[in-house]
Amino acid sequence: MSAPRYLLPVITVAQLLSTSLWFAVNGVMPDLQRGLGFDDSAIGWLTSSIQFGFILGTLCFSVLMIADRFSMRWVFLVCAVLGSGFNLATVTLPALPMDVRSVALVTLRFATGFCLAGIYPVGMKLASSWYDRGLGAALGFLVGALVVGTALPHLLRALGTNWAWQNVIEVTSGLAVAGGLLVAWLAPDGPHLVRSARVSPKALLVIVRDPKVRASAFGYFGHMWELYAFIVLTPVMISAYLNTSVSRAVSMLSFYVIAAGGVGCVLGGLVARRFGSAQVAAVLLACSGTCALLAPWMHNAPWWLFALWLLFWGTTVAADSPQFSTLTAQNAPREVVGSVLTFVNCLGFSITIVSIQLLTELSLMYTPWPVLPLLAIGPVLGLLAMRPLLRPAVRISA
């Protein structure tokens, strides 16, 4: 049974809408700082809290085999509704005493991240239950939708310049519910669904001992060091260049830069069909790392050059993500592939917490420009780790 033509667009749009929850608060951060009294360090610990919620949620969903015990479309819907509820609860913060607002917001972001574990990975598994061939290209669309979804709050902030920050939160919550309903209505579980094995600690040893799994996993870790810190710091870079923190231009360019990664994911998936996932991921990793190294020279660059540099960085920094997922899935032993993917994703997102906290704190101590080259540490180490996959004898195709 082949997948209906509408299925991939449906899942892609649903992912885009529902993952707008991920950076909903980041899109209105200047408003929260002014209206609720949060300081500049809030951008780091609020993003880290949602990342930690996603990590713990992914582990819980995997250990309890939620997507195997229940229909994936209903898991997606329930998590989208719950996540939107936690996100929507943010609008109640002004009614709380000042000393409990930060704790409440961290808790709500953590809970939203936990729910995202039933949206992003479940959407990927739902697609894999229909696409036994061409999965690399399908993952390109789905990860691309995730990236555009994370950028969506910045677009809403830019379009709704007269909105209160609560309106942006309300709209993102509504979009998440719409995404869940779309999946529940039009995206049934596919015929190629394979019941996952229970998460096995053996997978951790495979990640370390198997040369090809280690190469793809550590390449992914280098990518993750850079990716989410870049997303968090994008409006910071633009604000520093324009010398303003609140403007339509900051929000709109932030959307374009982050969403460009979605286009990169799709194009990368298509190119990987011809040249191989390892080669495409390595080129993209090298490009994004080079962009990070160029940062100190960009803050005095002409406007057109600054924008082109940032758009190119945004395109390449996310585009290797689906290729690393494809490589890890192809290289892992069949009997532990689910466990390997779970642990690799969780370790990768754990790395993002470190890079986000470190770079946001350093950006507050200094300007972002001398700090941004630290993002290149991930691509450099990732490229070194990937060398076994780039040899012709072990070339892997999407």
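Does segment 146-159 contain any residue that is among the basic types (Lys, Arg) and free of Cβ contacts under 8 Å to residues at least 24 places away in the same chain? Scanning segment 146-159, I find no residue that is among the basic types (Lys, Arg) and free of Cβ contacts under 8 Å to residues at least 24 places away in the same chain, so the answer is no.
The test for being open to solvent by 10 Å² or more (accessible area, probe 1.4 Å), without any contact (Cβ under 8 Å) to a residue 40 or more places away in the chain, hydrophobic (A, V, I, L, M, F, W, C) and farther than 26 Å from SER247 by Cα does not hold for LEU77. For segment 248-258, does any single residue satisfy the condition of being among the small types (Gly, Ala, Ser), surrounded by 24 or more Cβ atoms within 10 Å (Cβ to Cβ), within 20 Å of the chain's Cα centre (by Cα) and within 19 Å of TYR220 (Cβ to Cβ)? The answer is no, given that none of the residues of segment 248-258 is among the small types (Gly, Ala, Ser), surrounded by 24 or more Cβ atoms within 10 Å (Cβ to Cβ), within 20 Å of the chain's Cα centre (by Cα) and within 19 Å of TYR220 (Cβ to Cβ). Listed by first and then second residue, the pairs with beta-carbon distance under 7 Å, at least 6 apart or on different chains, first residue in segment 91-114 and more than 23 Å from ALA176 (Cβ to Cβ), second open to solvent by less than 40 Å² (accessible area, probe 1.4 Å) and not in a helix (DSSP H, G or I), are SER102/PHE38. Only one of the numbered conditions (1) under 16 Å from VAL168 (Cα atoms); (2) among the hydroxyl-bearing types (Ser, Thr, Tyr); (3) open to solvent by less than 50 Å² (accessible area, probe 1.4 Å) is violated by THR92, and that is (3). Of the residues examined, ILE351 is not one that is touching a residue at least 60 places away in the same chain (Cβ under 8 Å), in contact with a Gly (Cβ under 7 Å, 6 or more places away or on another chain) and either part of a helix (DSSP H, G or I) or over 26 Å from ALA42 (Cβ atoms) (or both). Mind checking which residues of segment 293-302 are open to solvent by 30 Å² or more (accessible area, probe 1.4 Å) and under 23 Å from the mean Cα position of the chain (by Cα)? Within segment 293-302, LEU293 is the sole residue that qualifies. Scanning segment 215-233 for residues that are in contact with a Gly (Cβ under 7 Å, 6 or more places away or on another chain) and either crowded, with 24+ Cβ neighbours inside 10 Å or closer than 29 Å to VAL25 by Cα (or both) gives GLY219, TYR220, PHE221, GLY222, HIS223, MET224, TRP225, GLU226.
Residues being under 22 Å from GLU170 (Cα atoms), open to solvent by 30 Å² or more (accessible area, probe 1.4 Å), polar (S, T, N, Q) and assigned to a helix (DSSP H, G or I) are entirely absent from segment 45-61. Do you know which residues across segment 43-66 are within 20 Å of the chain's Cα centre (by Cα) and hydrophobic (A, V, I, L, M, F, W, C)? ILE43, TRP45, LEU46, ILE50, PHE52, PHE54, ILE55, LEU56, LEU59, CYS60, PHE61, listed by residue number. Hey, does segment 95-105 have a residue that's under 23 Å from the mean Cα position of the chain (by Cα) and crowded, with 23+ Cβ neighbours inside 10 Å? No.
Scanning segment 327-365 for residues that are open to solvent by 20 Å² or more (accessible area, probe 1.4 Å), of a type in the set (A, V, I, L, M) and over 19 Å from the mean Cα position of the chain (by Cα) gives VAL337, LEU362, LEU364, MET365. Does segment 303-320 hold any residues that are open to solvent by less than 10 Å² (accessible area, probe 1.4 Å) and part of a helix (DSSP H, G or I), and which are they? Scanning segment 303-320 gives PHE306, LEU310, TRP313, GLY314, THR316, VAL317, ALA318, ALA319. Within segment 172-185, residues that are over 11 Å from SER84 (Cβ atoms) have Cβ atoms under 8 Å from residues that are of a type in the set (Phe, Trp, Tyr) in these pairs: VAL183/PHE76; ALA184/TRP74; ALA184/PHE76, counting only partners at least 6 apart in sequence or on another chain. Of everything in segment 149-164 that's surrounded by fewer than 24 Cβ atoms within 10 Å (Cβ to Cβ) and among the hydrophobic types (A, V, I, L, M, F, W, C), which residue is modelled with the lowest pLDDT? Looking at the filtered set, the residue picked out is TRP163. Just one of the numbered conditions (1) under 16 Å from PHE324 (Cβ atoms); (2) touching a Phe, Trp or Tyr at 6+ places or on another chain (Cβ under 8 Å); (3) open to solvent by 40 Å² or more (accessible area, probe 1.4 Å) is not true of LYS212: (2).
A single member of ASP68, ASP40 is modelled with pLDDT under 85, not β-branched (Val, Ile, Thr) and not in a helix (DSSP H, G or I), and it is ASP40.
Contact annotation: residue pairs with Cβ atoms under 9 Å, 6 or more positions apart or on different chains, pairing a residue in segment 1-22 that is over 30 Å from SER48 (Cβ atoms) and in a loop (DSSP other than H, G, I, E, B) with a partner that is at pLDDT 90 or above and open to solvent by 30 Å² or more (accessible area, probe 1.4 Å), are PRO4/LEU186; TYR6/LEU186. If the condition is being in contact with a Phe, Trp or Tyr (Cβ under 8 Å, 6 or more places away or on another chain), open to solvent by less than 10 Å² (accessible area, probe 1.4 Å) and over 22 Å from ALA138 (Cβ atoms), then segment 274-292 contributes SER288, CYS291, ALA292.
The values are calculated or read from the model by the stated rules, or taken from the named source; none is laboratory data. Given the structure is predicted, the values throughout are model-derived calculations rather than measurements. Reconstructed Cβ throughout: ideal geometry from the backbone, glycine too, with neighbour counts over all protein chains shown. Surface areas here come from the heavy atoms of the whole protein model, side chains and all, with no ligands, DNA or RNA. Shrake-Rupley method; radii C 1.70, N 1.55, O 1.52, S 1.80 Å.
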